[in-house]
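Data first, discussion second: the structure below is written as structure tokens.
The values are calculated or read from the model by the stated rules, or taken from the named source; none is laboratory data. Please read these numbers as outputs of a predicted model, since none were measured by experiment. Because the Cβ atoms are built from the backbone with ideal geometry, glycine has one as well, and the counts that use them run over all protein chains shown. Side chains are part of the model used for accessible areas, which takes the heavy atoms of the whole protein and leaves out ligands, DNA and RNA. Shrake-Rupley method; radii C 1.70, N 1.55, O 1.52, S 1.80 Å.
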Amino acid sequence: MAKRTGRKKSQLPDFYYEGYLEKRSFKDKTSRKLWTCLSGNTLFFFNEKRDNDYLEKLDLYGLISVTDDSSPDPNLDAARFNVQMTNGNIKFTAPSAESRELWKGFIYSVAELQVPSSLNLLPGQFHILKEMVQKEKERLANPLTEQSPTTVRTDMPACYYKVPRLEAELLLEREANKGNLLLRDGKDGRSFAITTKQDLDGSIFRHYRILTEPQGGFYIDVDKPVHFDTLHDLVNYMVEKTKGSLTPLIIEGQYDKNISFISSDNENGERTQQPLPDPAPAREAPMSVTGKMTSDEPELPAEENTPAINREEEKEDETHHYISVQIPPKPEPRKILMPPSPAPRKTLPSKPATNSASSDIPEKSKILSNPEIKKQILPAALSELKLKLGQKVNIQD
């Protein structure tokens with residue numbers, strides 16, 4: 001059993017089967033409910049399904065047997081089974097008897113690379129186990145493809161640099177005061193390497209090859225290989241075992257807080273460093289608005305028949321009401337075009353109404369109707385009439 005210290009769930013091989021199991025090993029005092037994933041020939045245990053970092057793992061290379069456990073459980077639906085390893089016995093509790101049979105089938109098949117016929121499974125489930133065994137055989141045939149630098153680079157130590165052997169030595173020589181150990185890609189592109197620099201009558205460089213294990217993890221390819229779960233563990237091992245003589249090379253670049261540039265004087269040719277001037281803040285253009293109350297009603301077009309004099313007077317009046325105010329622009333109301341309304345016709349002053357009967361009476365009859373004038377005219381008219389009648393009588397005689 002190995003404690004989890006580095007790799008992420010996304011960097012593991014494909015999961016063949018996963019689900020919740022209660023686990024209790026010979027080291028555990030109580031059982032723990034963990035999300036369990038079978039990846040390759042290794043069981044990985046997580047606190048929850050959504051977790052990315054696993055707590056521990058169990059390699060199935062040392063599997064001896066997988067058997068049922070008939071001891072009672074408080075949960076009547078739960079089913080127990082034992083996994084016997086070379087270094088001890090581990091007890092598991094599945095949520096149901098069907099889940100227990102599947103776990104037993106996957107664990108035994110991936111460890112022995114064959115499907116057991118003694119399990120109580122459906123034909124479709126046996127077919128899934130056969131496909132899983134075929135995938136596992138293909139994975140073991142190409143052990144370096146799944147643990148290449150490109151698949152684990154997201155979890156690299158800070159002292160990792162993508163440089164070849166010669167550039168690694170030059171980098172350690174140039175940055176000697178910042179560290180003397182770095183991690184880099186191997187020559188074949190599928191492995192890693194550690195390059196170190198120490199001083200003993202001159203600079204001494206050493207290179208160690210790092211290979212990946214088929215079941216996951218890494219080891220230093222030396223006479224007595226040392227195995228690690230992660231590259232972080234490998235770097236920490238080199239630092240601890242050398243009592244700090246080897247320290248990781250970590251180059252932290254600093255970023256300037258102000259923008260500057262080199263300026264040259266055309267007169268004397270002197271070059272100086274000048275700060276970049278601060279950009280001027282953007283100004284908002286002032287807007288002119290009238291002091292009159294505005295309404296949301298759409299504006300109607302001006303009347304065509306309005307006299308020009310009146311329109312000029314209105315413009316003169318409006319010019320005295322403009323105020324300059326800086327306010328955020330508002331969307332103008334959409335104008336609705338309406339047909340021009342005709343101007344009211346001008347009418348002459350009306351005369352006082354007169355009686356139609358009196359208007360038809362001649363002026364002469366009005367005069368005769370006056371009694372005073374009548375007294376003066378009648379005698380004269382009678383005398384004149386008598387005179388005319390007398391003349392006619394004389395003519396006839």
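I'm trying to understand the selection: among the residues of region 107-126, which are open to solvent by 20 Å² or more (accessible area, probe 1.4 Å) and within 43 Å of the chain's Cα centre (by Cα)? GLY124, GLN125, listed by residue number. Counting the residues of region 181-214 that are open to solvent by less than 60 Å² (accessible area, probe 1.4 Å) and touching a Pro at 6+ places or on another chain (Cβ under 9 Å) gives 13. Any residue in region 59-76 that is in contact with a strand residue (DSSP E or B) (Cβ under 6 Å, 6 or more places away or on another chain), more than 19 Å from LEU102 (Cα to Cα) and in contact (Cβ under 8 Å) with a residue 40 or more places away in the chain? There is no residue in region 59-76 that is in contact with a strand residue (DSSP E or B) (Cβ under 6 Å, 6 or more places away or on another chain), more than 19 Å from LEU102 (Cα to Cα) and in contact (Cβ under 8 Å) with a residue 40 or more places away in the chain.
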